[in-house]
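Single-structure report; data block below.
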Amino acid sequence: MSQTRIFVDLPAALVEELLGRTPELSRSVIEQLTSQRTERERWRDVLARERLLGTLADLPAAPTPTTCGVDGSVAVERLLAHDLLVAGALAIEGLTPPSEKRFWPEPRHLLWVELVPHDDANDALARALMAASEVELAARAPHDVVFVDGSLTTPLIAFDQALRALATRELPSPAARVFLEALPERLDDLARVLCSADPPRCWVGVPKYTARRDLAIRLGLNQQFDDRALLTILLAPGEFTWPIPVTTGRRPHAFGLDLLPDTLRLRASSSIERVLRAVDRLRVVYVRSHPWLPALRLELHESVAIDSSRLASVLQAVHDQSASGKLREPFPLYLADRMVRSLRRATRALRHAVREAAARGYPVLDDVFLALECYRSESLSSP
């Protein structure tokens, strides 16, 4: 949206009141930053005493690792009698020196599209199918370091939510059957990603938003900021925190195995056990590679965290793939995010294309146009 149209649909009085909050909010930001800067050296001393503060020079030199980033998107167009569900994922190879071999010179993708009757479970199902696509691409990637957008536990949570949403349905829809049939294999893929059991390959979760306070709680720091905000102030460029267990937040210690059909339960049980054990062995590292970057939260398996060579490879990948001031995350994740977020706009275009095609093959145009119109308010300005 152009800058001149930001406020075009809002009453002038509302805009004036909204922007009138600027001084108050800016004072709050200044107070918080001042408080953090005042305590910075003391908190850094606490980090150092606990032997949690490291520099990239503390790790062995790592050759330039090959990388890729995986991100997904989901779109739900709510029509008159149906939901148009679209879920997909993209994998983008990172920046590669000319002397190195490129594994995936073109983007890889997985896409799922279905028109289904209205159902409260559709949102959870679409998110689970997106997570399944991300996990499948990540597990296939042959690169040294595979960045996955979000927490490594997110796919398991998405699968569990979908299972619970579908549990009350006597007859699963065709879309639900696709998810259920593929679930045992996707759980195998997720176990592979979580365990990073194929040295020297490493899978790394990079959440953009996090409210976790693992480190603050461990150090007994009485402050209201999450770890990422805190460590953006504490870490100098080139510094990182040594790995610690993931101890707070939403951690799936159970899974709806009993909700799976009998025919799938046996196939999935061993994978679920491996996944849950791997979740308990996840570690978190915060790194600030460049002055223009905030601290990044990296989630990785214990086997990577305790191996200085593999950890060095991960941090080297973050450093190399974030070498531009325009980037706020590693390049392959940035590009995958930029690309896959367009899926929602493409879904609206798909709906219009389906409507035009159906209108040519069905005699009552009014029925077609009413059935394939999206009645959510945000769709009114869609193409």
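Each semi-axis of the equivalent ellipsoid for segment 205-347 is √(5λ) with λ an eigenvalue of the Cα gyration tensor; in descending order they amount to 30, 22, 16 Å. Of the trypsin sites (Lys or Arg not before Pro) in segment 6-77, the ones in a loop by DSSP (not H, G, I, E or B) with at most 12 other beta carbons within 10 Å are 21, 51.
Computed extension length for residue 358-residue 197: 53.1 nm, one decimal, from 0.36 nm per residue of separation with the Cα-Cα distance subtracted. Chymotrypsin sites (Phe, Trp or Tyr not before Pro) within segment 280-366: which are DSSP loop residues with at most 14 other Cβ atoms inside 10 Å? Answer by residue number: 292. D by Stokes-Einstein for the chain, Kirkwood Rh over Cα pairs, 20 °C, 1.002 mPa s: 93 µm²/s.
Extension gain, residue 281 to residue 164: 0.36 nm times the residue separation minus the Cα-Cα distance gives 39.6 nm. Per-residue ellipticity at 222 nm from helix content only, as computed over the chain with -39500 (n - 2.57) for each DSSP H run of at least four residues, stands at -14500 deg cm²/dmol.
Remark: segment 20-37, residue by residue, has Karplus-estimated 3J(HN,Hα) of x, 7, 4, x, 5, 5, 5, 4, 4, 4, 4, 4, 5, 5, 5, 4, 5, 5 Hz, where x stands for each Gly or Pro and the curve is 6.51 cos²θ - 1.76 cosθ + 1.60 at θ = phi - 60°.
In segment 136-212, the convex hull through the Cα atoms has an average projected area of 6.2 nm², a quarter of its surface area. Under a 5 Å amide H cut-off, with hydrogens placed 1.01 Å from N, residue 202 pairs with 145, 146 among residues at least 5 apart or on other chains.
Here the Karplus curve 6.51 cos²θ - 1.76 cosθ + 1.60, taken at θ = phi - 60°, turns the phi angles of segment 269-275 into couplings of 4, 5, 5, 4, 4, 5, 5 Hz, with x standing for Gly and Pro.
Per the Cα gyration tensor, segment 48-176 maps to an equivalent ellipsoid with semi-axes of 37, 20, 10 Å, ordered largest to smallest.
Springs between alpha-carbon pairs under 10 angstrom, Gaussian network model over the chain: which of 148, 15, 275 fluctuates most? Judging by the Gaussian network model, the answer is 15. Taking the number of Cβ atoms within 10 Å of each Cβ as an exposure proxy, the fewest-first ranking of 215, 257 is 257, 215. Backbone geometry of segment 175-191 corresponds, through the Karplus equation with coefficients 6.51, -1.76 and 1.60 at θ = phi - 60°, to 3J(HN,Hα) couplings of 5, 5, 5, 4, 5, 5, 5, 7, 4, x, 5, 5, 5, 4, 4, 5, 4 Hz, x marking Gly and Pro.
Every read-out reported here was derived from the displayed coordinates using simple, explicitly stated rules and does not represent laboratory data. Everything quoted here is computed from the prediction, not taken from an experiment. Because the Cβ atoms are built from the backbone with ideal geometry, glycine has one as well, and the counts that use them run over all protein chains shown.
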